[in-house]
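Here is the structure we will look at, set down as structure tokens.
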Amino acid sequence: MAVVPAVKRRKLLPSDSPDNEAPLSTLVRTPDDFFSRAAGWYLEQNYEQRPRKQKKKERENTRLPIKTAEGRIQQLHVSHPKSEDEDSWLGSEDEGKGEQVPDTVKEEAKVPIRQQILEAKEELARIASLINEDPEEHAGGFRTLGQIAASSNPTIKRLALATQLAVYKDAIPGYRIRPIAEQDQTEKVSKDVRRLRAFEQTLVSSYQGFIKDLAKCAKPTRDLQSEATASVTNVAISCACALLLVAPHFNFRGELLKILVAKLSSRKVDANFIKCREAIESLFRSDEDGTSSLDAVSLITRMMKARHYQVDESVLNTFLHLRLLTEFSSKASQNRVDKPAKDDGLGGKKPKFKKEFRTKKLRKIMKERKEVEKELKEADAIVSHKQRDRMQSETLKLVFVTYFRILKARIPNLMGAVLEGLAKHAHLINQDFFGDLLEALKDLISDAEALMNDEEEEDQEQDEDMPSKSDRDSTREALLCITTAFALLEGQDAARSATALNLDLTFFTSYLYKSLHDLSLNPELEISSKSLRLPDPHALSATSTSTAAPKVNLQTTTVLLLRALTSILTPRAVPPVRLAAFAKQLFTSSLQLPEKSTLAMLSLLNNVTKIHGRKVASLWNTEERKGDGVFEATRGDLEGSNPFASTIWEGELLKLHYAPGVREGVKGIEKAVGAVK
């Protein structure tokens with residue numbers, strides 16, 4: 001059956017439509033019709049009522065920011081008067097009122113500063129108490145404290161830093177927290193272990209943020225600090241020092257040390273500088289395994305090298321508080337450490353033991369036991385002697401490298417501290433390095449002698465209004481060189497070392513002999529930097545050496561002189577000519593010394609006469625002496641001064657001394673000489 005196409009239907013208008021009745025000509029609009037209709041439009045009224053948004057050119061604000069009474073920095077915005085060009089004649093009156101800018105911007109209502117501080121105190125106390133009750137349960141409190149510490153209010157920031165310090169001191173465990181390995185994260189652990197791990201990671205991350213905040217607050221700024229900023233800096237440095245002493249074993253110890261060492265690099269010695277220095281000294285004294293000391297010494301040496309050793313000498317004196325001075329037994333230099341030979345009765349070789357037969361099962365059991373013992377030692381924080389010796393040897397090498405570099409560079413304000421440090425570490429210095437070190441000490445004494453001669457010439461030629469150019473104490477440096485030279489050998493068996501290494505110390509002995517008379521006339525012989533005294537009114541200037549503190553604050557000049565004389569005169573193998581020459585010079589110098597120095601000198605001479613009575617007895621007994629010639633006290637050659645041609649007549653004058661102790665000391669010396677047969 002064929003398909004018939006559908007009939008196409010046409011759309012018809014309804015019969016009732018008005019358009020159906022109209023003719024076709026009326027449906028077409030002509031141009032005349034358009035213009036006739038446009039005459040009735042209200043174009044101006046529609047344009048006037050149309051809303052308009054005109055972009056006004058923003059003028060530059062030239063007003064400076066102001067600081068409110070609450071301590072906030074605020075930018076003040078002031079509207080400029082509108083010009084006639086900016087006012088549109090098309091704008092309505094209501095629109096102009098809506099866009100008018102007030103003369104001053106009203107600040108929003110804020111909480112008063114006192115109320116903020118009070119609320120911060122209550123919040124800090126609440127969080128700290130919760131953490132102290134159960135740190136694992138309220139571990140999120142660490143981050144909350146860090147958020148409060150980010151406040152711009154200095155008072156709130158100080159309170160938050162102090163609160164964090166107290167909380168971390170109680171919450172830090174007695175071990176170092178290591179990061180969790182990927183293998184450990186996938187393992188199935190108990191609920192308690194998972195809870196402990198979460199607490200430890202939260203503690204470490206929050207503690208790291210706290211350390212970064214301390215470093216940021218303690219960092220000095222170029223601009224002048226206000227009192228509020230300076231107070232925050234003081235609190236930050238105090239917190240860093242306290243944390244370093246309380247938890248040196250915990251994470252981020254290096255970051256704390258960087259804060260303290262950065263402060264020690266400053267030339268300004270203030271309260272924070274002293275606080276950091278004392279904290280590092282306490283760390284050196286309390287360090288048992290030597291790891292913390294090695295980190296601190298490494299940072300200090302790198303800092304001094306970067307600053308070309310332009311630091312305060314008290315920073316270098318911190319090395320005198322290291323525990324290796326009393327615990328370390330090996331010898332070292334700047335590049336190697338000599339381990340002591342083991343004395344086992346077989347010429348240093350290990351004794352041979354009979355090998356014991358062990359089964360495979362027994363060896364496996366012993367291996368497991370060793371692993372368990374190793375883990376127990378680590379858990380109990382038992383210090384290994386081998387590890388401690390290794391750390392201390394590395395620390396000692398860094399110290400010697402620093403000392404020798406300063407000796408080579410001849411830094412004036414650090415020479416005394418270096419010499420004192422070498423004298424303290426003399427028993428730890430390798431003998432192979434003695435020759436170079438003694439040559440360096442000889443050069444220092446020659447430079448000190450030349451400097452003293454130049455100062456004497458300048459004092460004679462310069463005017464009273466001109467200050468002295470040099471601020472070095474050459475006398476103290478020379479005495480320290482002599483003391484260091486003899487201390488090097490005393491710590492290593494002086495007689496055997498001098499013979500084996502062919503070391504000649506006559507240069508130091510001769511220099512000390514020549515300078516005895518000058519030292520006896522020194523008015524500052526018994527004065528240290530801690531002595532309370534008025535400035536000398538007859539000094540040439542305020543910066544004269546009579547009012548300046550000594551560069552080395554450890555001992556007075558008298559103590560240094562006695563140390564050097566004791567090293568020269570008390571050994572057994574001392575030539576009689578040297579003993580007689582020094583005895584004569586010391587008795588002559590005692591006539592000019594102060595009372596305490598005279599008593600100390602007579603005590604030394606009393607010990608010398610007890611040890612070497614036979615060698616010096618002829619100075620008191622002229623009948624038993626053989627010799628002729630004249631004694632030359634001012635001659636530089638000690639051996640050629642002919643001391644046995646003189647007598648100790650100064651003892652008769654010292655018997656008339658006003659101090660009873662001096663009179664008794666002279667009688668004791670004569671009694672010791674008379675007992676010699």
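Excluding Lys258 itself, what net charge comes from residues whose Cβ is under 13 Å from its Cβ, given Lys and Arg +1 and Asp and Glu -1? Spell out each step's value before the answer.
Working: positive: Lys212, Lys216, Lys219, Arg253, Lys263, Arg302; negative: Glu255, Asp295.
Here the charged neighbours net out to +4.
Would you mind ranking His385, His657 by Cβ crowding within 10 Å, fewest neighbours first? Spell out each step's value before the answer.
Working: His385 9, His657 19.
With the sparsest Cβ surroundings first, the list reads His385, His657.
In the structure displayed, which of Lys514/Lys610; Lys610/Lys671; Lys110/Lys219; Lys584/Lys615; Lys263/Lys305; Lys219/Lys275 lie more than 20 Å apart, Cα to Cα?
Listed pairs above 20 Å: Lys514/Lys610; Lys110/Lys219.
Starting from segment 118-218, pick out the chymotrypsin sites (Phe, Trp or Tyr not before Pro) whose DSSP state is loop and whose Cβ has at most 12 other Cβ atoms within 10 Å.
Details: sites: Phe142, Tyr168, Tyr175, Phe199, Tyr207, Phe210; in loops: Tyr175.
In loop regions of segment 118-218 (DSSP not H, G, I, E or B), the sparsely surrounded chymotrypsin sites (Phe, Trp or Tyr not before Pro) are Tyr175.
DSSP loop trypsin sites (Lys or Arg not before Pro) in segment 250-327 with at most 14 other Cβ atoms within 10 Å of their Cβ, which ones? The partial results should precede the final answer.
Details: sites: Arg253, Lys258, Lys263, Arg267, Lys268, Lys275, Arg277, Arg285, Arg302, Lys305, Arg307, Arg323; in loops: Arg267, Lys268, Arg307, Arg323.
Of the trypsin sites (Lys or Arg not before Pro), the ones in loops of segment 250-327 whose Cβ has at most 14 other Cβ atoms within 10 Å are Arg267, Lys268, Arg307.
Give me the net charge for the shell around Ala149: Cβ to Cβ below 14 angstrom, other residues only, Lys and Arg +1, Asp and Glu -1. Walk me through the numbers before you get to the answer.
Values: positive: Lys121, Arg143, Lys157, Arg158, Lys212, Lys216; negative: Glu123, Asp213.
Neighbour charge sum, excluding Ala149 itself: +4.
Enumerate the calculated ³J(HN,Hα) couplings along segment 203-212 in order (Karplus 6.51 cos²θ - 1.76 cosθ + 1.60, θ = phi - 60°), each rounded to whole Hz, writing x wherever the residue is Gly or Pro.
5, 5, 5, 5, 5, 5, x, 5, 5, 5
Ranked by Cβ crowding within 10 angstrom, fewest neighbours first, how are Trp649, Trp620 ordered?
The fewest-first ordering by Cβ neighbours comes to Trp649, Trp620.
Ranking request for peptides 413-419, 63-69: highest mean number of other beta-carbon atoms within 10 Å first, then the rest in descending order. Before the final figure, lay out each step's value.
Details: 413-419: 24.1, 63-69: 8.7.
In descending order of packing, they fall as 413-419, 63-69.
So, counting K/R as plus one and D/E as minus one, what does the shell of residues with Cβ under 12 Å around Ile669 add up to? All intermediate terms of the calculation are to be shown ahead of the outcome.
Working: positive: Lys610, Lys655, Arg663, Lys667, Lys671; negative: Glu650, Glu664, Glu670.
Overall, the nearby charge balance is +2.
For Lys305 and Ala659, calculate 0.36 nm times their separation in residues minus their Cα-Cα distance, and state this gained length in nm to one decimal.
Details: separation 354, 0.36 × 354 = 127.44 nm, distance 5.14 nm.
Extending this stretch completely gives an extra 122.3 nm.
I need to check one value: relative contact order of segment 183-331, counting alpha carbon pairs closer than 8 Å and at least 6 residues apart, in percent. List each step's numbers first, then the result.
On the way: 103 pairs, mean separation 29.0, N = 149.
Dividing the mean separation by the residue count of segment 183-331 yields 19 percent.
Please list the non-local residues whose amide H lies under 5 Å from the amide H of Ile429, H modeled 1.01 Å from N, same-chain partners needing a gap of 5 or more.
Those qualifying (amide H under 5 Å, at least 5 residues apart or on another chain) are Ala332.
What distance in nm separates the two pseudo spin-label positions at Ile177 and His427, each 7 Å out from Cα along the beta-carbon direction?
In this crude spin-label approximation the distance works out to 4.3 nm.
Give me the number: length gained by fully extending Arg358 to Arg390, i.e. 0.36 nm times residue separation minus the C-alpha to C-alpha distance, one decimal in nm. Don't skip to the answer; put the middle values down first.
Values: separation 32, 0.36 × 32 = 11.52 nm, distance 3.33 nm.
Computed gain between Arg358 and Arg390 is 8.2 nm.
How many nm separate the modelled label positions at Asp443 and Phe252, each set 7 Å beyond the Cα in the direction of the Cβ?
4.6
Which value results when the Cα radius of gyration for segment 113-251 is divided by 2.2 N^0.38 Å? If you can, show how the numbers build up before the last one.
Numbers: Rg = 16.6 Å, N = 139, 2.2 N^0.38 = 14.3 Å.
Here the Cα radius of gyration is 1.16 times the empirical estimate.
Read the figures in this text as sums done on the coordinates, not as results from a lab. Predicted, not measured: the structure shown is a model, and the values here were computed from it. FYI the Cβ positions are ideal-geometry reconstructions off the backbone, even for glycines, and counts take in every protein chain you see.
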